[in-house]
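Derivation of every value follows stated rules applied to the coordinates shown; laboratory data play no part. What you see is a predicted model, and the numbers here were worked out from it, not measured in a lab. Neighbour counts are summed over all protein chains in view; Cβ atoms, including those assigned to glycine, are modelled from backbone coordinates with ideal geometry.
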Amino acid sequence: MKRCFLVVIDSLGVGEAPDAKEYGDEGTNTLGNVAKYVDGVNLPNFNKLGFGKITNVKGMETKHIGTVGRLSELSIGNDSTTGHWELAGLITKKEFQTFPKGFPSELNDQIQKEANCKFIGNIHASGTEIIEKLGEQHLETKELILYTSGDSVYQIAAHEDVCSLEDLYKICKIARKYCDEYNIGRVIARPFKGSIGDFKRTYDRKDFGMNPPDETLLSYLFKNNMKTYGIGKITDLFGTEYLHDYVHTEGDQNGLDFLIENVISGDHHFTFVNLVDLDMLYGHREDPLGYYKGLQLIDNGIEKILKNMKEDDLLILTGDHGTDPTDGKTDHSREYVPFIAYKNNGKAEYIGDVEGFTNVASTITEFFNLKNIFPGKSFLKLI
């Protein structure tokens, strides 16, 4: 039985994209700059697969056992949604709307009226910083914290003692309905707990995204009787319609545990994984040391994956954008993402820099002997 594991290491950029200047992201290289910051990385499985071949990574060699290269994004924007959709074969040409100065009162008023709530904040901010800044007021007034980032996101934060998870999710569902009119990519519930001066966001975050407007790799495989499995925030970005099974994860270790279990004994043809901690915990918080520790955790997981892969398995490691924790910004960075493909007894080719995340969908489509309906080319013959 053929099985494919597509693992998106959220925010793992590998060098400024050709159009990085348009996004103010010249000089970014999430993996390379983290390696410089820690004066060289010890990531033996990243190393042997070939991450050191595709970009300059201090501590890595250029030898590789996988087929490797870098992919640049064709979609407009710099977001998890556009990145994942393009990996799944769907190019986004209409940019999701961003609101660096806050959301319009007309939108907020509609949501507050139907949800019977009130907002404070409504600014561009780091999620950890805004709950420290407005957390005390939130506890006193019971008003929910509204904020955004450089992405197209409508984020609502609430302390679990003020607003239950169930109620916060209901409010976000209402917001999703009105945000569609403004072409906002995601509404995100951001629960937190703790006391003043020691607030902590929880893993009960939930994204309410727009459904893909056209065919994606998930829907195509599902309609062709392939058994599909989503691990992590895949459901937040694609919905659940074309997933036979899916699981919400509490951090990357939890996600890796589900993935490794599936590699060992799973019967899904296609497993789509998002590992979000590097982005959420370290990239946006400008914590390169934490980012490196997160990479080490993933590297340990990759070792177990490689050890348990079967003869007909295909593993693809990639990213959806960058979030360089050394660039002085808290937002995503427009970067190349890695294309690292590995099969037991497979080839070890270097494909260089290639346009289009969609090549991933095309490669997986050919792997399952299906007609390629996506705007990309397959690298299967090189793997």
ask   = Going by the alpha-carbon gyration tensor, a ≥ b ≥ c the square roots of its eigenvalues, is segment 302-383 rounded (a/c under 1.5) or, if a/c is not under 1.5, prolate (a/b greater than b/c) versus oblate?
value = oblate
Dimensions (Å) - the chain, Cα atoms, principal axes, largest first = 62, 48, 39
inquiry  = Can you give me the C-alpha center-to-center distance between segment 140-161 and segment 199-232, rounded to a whole angstrom?
reply    = 23
query = Which residue, chosen from Val8, Phe51, Phe119, occupies the Cα position most advanced towards the positive end of the dipole of segment 1-138, where the dipole is computed from +1 (Lys, Arg) and -1 (Asp, Glu) charges on Cβ about the Cα centre?
reply = Phe51
key: segment 1-75: proportion of alpha-carbon pairs further apart than 14 angstrom, %   = 66
key: Gain in span if fully extended, Asp109 to Lys347, counting 0.36 nm per residue against the direct Cα distance   = 80.0 nm
ask   = Can you give the relative contact order of the chain as a percent, counting alpha carbon pairs under 8 Å and 6+ residues apart?
value = 30
inquiry  = Need the full-extension length gain, Asn211 to Glu26, defined as separation in residues times 0.36 nm minus the C-alpha distance. One decimal, nm.
reply    = 63.5 nm
ask   = If packing is taken as the mean number of other Cβ atoms within 10 Å per residue, what is the order of 5-12, 340-347, 18-25, 225-232, highest first?
value = 5-12, 225-232, 340-347, 18-25
key: Exceeding the 31 Å Cα-Cα cut-off - candidates Lys200/Lys329; Lys113/Lys200; Lys173/Lys377; Lys118/Lys206   = Lys173/Lys377
request  = Using a Förster distance of 30 angstrom, determine the FRET efficiency expected from the C-beta separation of Leu139 and Lys101, and round it to 0.05.
outcome  = 0.70
request  = May I ask which residue of Asn183, Leu165, Tyr154 lies farthest towards the positive end of the charge dipole of segment 153-194, with charges of +1 (Lys, Arg) and -1 (Asp, Glu) on Cβ and the Cα centre as origin?
outcome  = Asn183
message = Defining a contact as two alpha carbons under 8 Å apart and six or more residues distant in sequence, what relative contact order in percent does segment 105-208 show?
response = 25
query = By Kyte-Doolittle mean hydropathy of at least -0.5 and Cα axial length of at least 24 Å, which whole DSSP H helices of the chain are selected?
reply = 288-308
key: Length released on extending from Thr202 to Ile264, taking residue separation times 0.36 nm less the Cα-Cα span   = 19.4 nm
note = Dipole check, segment 1-150, charges on Cβ (K,R +1; D,E -1), about Cα centroid: among Ile145, Tyr23, Ile65 the Cα furthest to the positive pole belongs to Ile65
message = Suppose every Lys and Arg Cβ carries +1 and every Asp and Glu Cβ carries -1, with no other charges. What dipole size does segment 105-208 come out with about its Cα centre, to the nearest 20 debye?
response = 240
inquiry  = Need one number: % antiparallel among DSSP beta bridges in the chain, to the nearest 5.
reply    = 35
remark   = Expressed in nanometres to one decimal, the distance between label points 7 Å along Cα→Cβ at Thr240 and Asn300 is 3.2
ask   = Magnitude of the Cβ-charge dipole of the chain, K/R +1 and D/E -1, about the Cα centre, nearest 20 debye?
value = 880
request  = Distance between Cα centroids, segment 44-114 to segment 256-281: provide it in whole Å.
outcome  = 18
